[in-house]
Amino acid sequence: MAAIVIRSALLAAVFLAPLPGARAQLIITGNDEKQTWDSSGKQINNPPGQDTVSIIDIGNRTKPRILANLPLMNTVVGPPVNLAITPDQRLALVANSLDWVKDGESWKGAPDNKLYVIDLTASPPQAIATLELGRQPSGMAINRAGTLALVADRADDTVSVLSIQGKTVSVVDTVALSVGGDNKEQPSAVAITPDGKRALVTKFAAHKVALLAIDGEKVTYTRYDMATGLWPYNLGIMPDGKLAIVGNNGGAGASDGQVDTAAVIDLEADPPRVIDQVVVGDGPEGLAVSPKGGYAVEVILNGANLSHDKFYYHPRSYVSLLKVEGKKVRKVSQTEVGGLAEGVAFSPDGDYLYVGNFLDSDITILHRQGDRLVKAGTLKLPGHPASMRASTP
């Protein structure tokens, strides 16, 4: 990509409806228009300049409204959690993992280091700051207090520590995750425990999850890692803080025709440890836990962006619904969604689910009815949704 630029149009962002007050219930999507795939599975790289970030009000669960589309560059590369909303819904953070640079007559990605801060209370919402983090900032998490954010710097094997004070966000530290040598462990996603005292970080290329200790703004790598499975890409922590669920992609970021698992980590054990593996499907990507507990979901790529002649190609992705009862996690159902589904978010009450379909440029709305997910609507987006998050519960 060309160097990331917040165009002047951002300050006059496409504003489609007045932002509601404190009772607004928001999700955010990053829409990547630079990259797609053809029927042979070949990656197609387009020029930059058309990406957007959509801010969506889901107060009406089945008829959400797009409040604004901000012209911010973002990427489909990496887990779909490279953005987040603070618990008070005043700010959104958006990391751009990859710059987009000229490659002869085409384009290619290269690690970027930018993170944008969006003021959601402005009318229209607007970017108010640009931070520089480590290279290839990817998955991020914000604590429940809304005072601290952690961002996985995938190309640097580090985690950036951000202080949030009102509308001021600043980088206060960088935590190294490599234990030595030249091996790249590629931290990809982060989750913070509900009490704010610990965090988990997926080490994608090391097939492990690292444990961090948090004391205020001081974050320390404990040097304790858990082997969770092949290519752990994404993770979430249940709202009671007792379990974490880790999506093991299994195919280095893609489907490969083999079933993959979700690792279950017991956070009450000392030290925390993997206590189970649950088969979820081929290529788990998006992951979300219900803010009310009891359920989690894994979004399964299902080979949707690969060559149509492969035995594991399917035109549609699906969502695996996981039921959590005590320390036991099991898959109870799966529901088909759109092509190359990526990001996912629960409504605050845990009753509805929003799934971004990259190839279809839309969101599938699902209603949880007991142990089933039932389609309840669709929202068309201005681009291809590469990531999605709701506010931190």
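The values are calculated or read from the model by the stated rules, or taken from the named source; none is laboratory data. These numbers come from a predicted model, not from an experiment. All Cβ positions, even for glycine, are placed from backbone atoms using ideal geometry, and neighbour counts span all protein chains on display. Just the protein is used for accessible areas: all its heavy atoms, side chains included, with ligands, DNA and RNA removed. Shrake-Rupley method; radii C 1.70, N 1.55, O 1.52, S 1.80 Å.
Suppose we filter segment 288-315 for residues that are in a loop (DSSP other than H, G, I, E, B) and within 20 Å of the chain's Cα centre (by Cα); how many remain?
Going through segment 288-315 one residue at a time, the tally reaches 9.
Could you grab me the full set of residues in segment 355-393 that are in contact with a Gly (Cβ under 9 Å, 6 or more places away or on another chain), free of Cβ contacts under 8 Å to residues at least 40 places away in the same chain, in a strand (DSSP E or B) and open to solvent by 40 Å² or more (accessible area, probe 1.4 Å)?
Hit for segment 355-393 is THR378, nothing else.
Here are the criteria: (1) closer than 24 Å to SER138 by Cα; (2) over 18 Å from the mean Cα position of the chain (by Cα); (3) modelled with pLDDT of 95 or more. Tell me which single one ASN60 does not satisfy.
Here ASN60 meets the rest and fails (1).
Could you grab me the full set of residues in segment 325-354 that are open to solvent by 50 Å² or more (accessible area, probe 1.4 Å), of a type outside the set (S, T, N, Q) and over 18 Å from the mean Cα position of the chain (by Cα)? Give the derivation first.
Taking segment 325-354 and keeping what is open to solvent by 50 Å² or more (accessible area, probe 1.4 Å), we get 325-328, 330-331, 334, 336, 348-349, 351.
Within this subset, residues satisfying the condition of being of a type outside the set (S, T, N, Q) are 325-328, 330-331, 336, 348-349, 351.
Within segment 325-354, GLU325, GLY326, LYS327, LYS328, ARG330, LYS331, GLU336, ASP349, ASP351 meet the criteria.
Which condition number in (1) open to solvent by 30 Å² or more (accessible area, probe 1.4 Å); (2) of a type outside the set (Lys, Arg); (3) in contact (Cβ under 8 Å) with a residue 60 or more places away in the chain; (4) under 16 Å from PRO79 (Cβ atoms) is the one that PRO291 fails?
Only one criterion in (1) open to solvent by 30 Å² or more (accessible area, probe 1.4 Å); (2) of a type outside the set (Lys, Arg); (3) in contact (Cβ under 8 Å) with a residue 60 or more places away in the chain; (4) under 16 Å from PRO79 (Cβ atoms) is unmet by PRO291, namely (4).
Return only the number of the condition from (1) open to solvent by 30 Å² or more (accessible area, probe 1.4 Å); (2) under 23 Å from VAL344 (Cα atoms); (3) at pLDDT 95 or above that GLN25 does not satisfy.
GLN25 satisfies all of (1) open to solvent by 30 Å² or more (accessible area, probe 1.4 Å); (2) under 23 Å from VAL344 (Cα atoms); (3) at pLDDT 95 or above except (3).
Among the strands (runs of 3 or more DSSP E) lying completely within segment 173-262, list those that include at least 3 residues that are touching a strand residue (DSSP E or B) at 6+ places or on another chain (Cβ under 6 Å) and open to solvent by 40 Å² or more (accessible area, probe 1.4 Å). Full working, then the answer.
Numbers: elements: 187-192, 198-203, 208-215, 218-227, 232-237, 243-248.
Correct list: 218-227.
What strands (runs of 3 or more DSSP E), lying completely within segment 57-109, carry at least 1 residues that are over 20 Å from ALA191 (Cβ atoms), of a type in the set (Phe, Trp, Tyr) and open to solvent by less than 50 Å² (accessible area, probe 1.4 Å)? Even if it seems obvious, please write down each step before you answer.
Numbers: elements: 65-70, 83-85, 91-103.
Result: 91-103.
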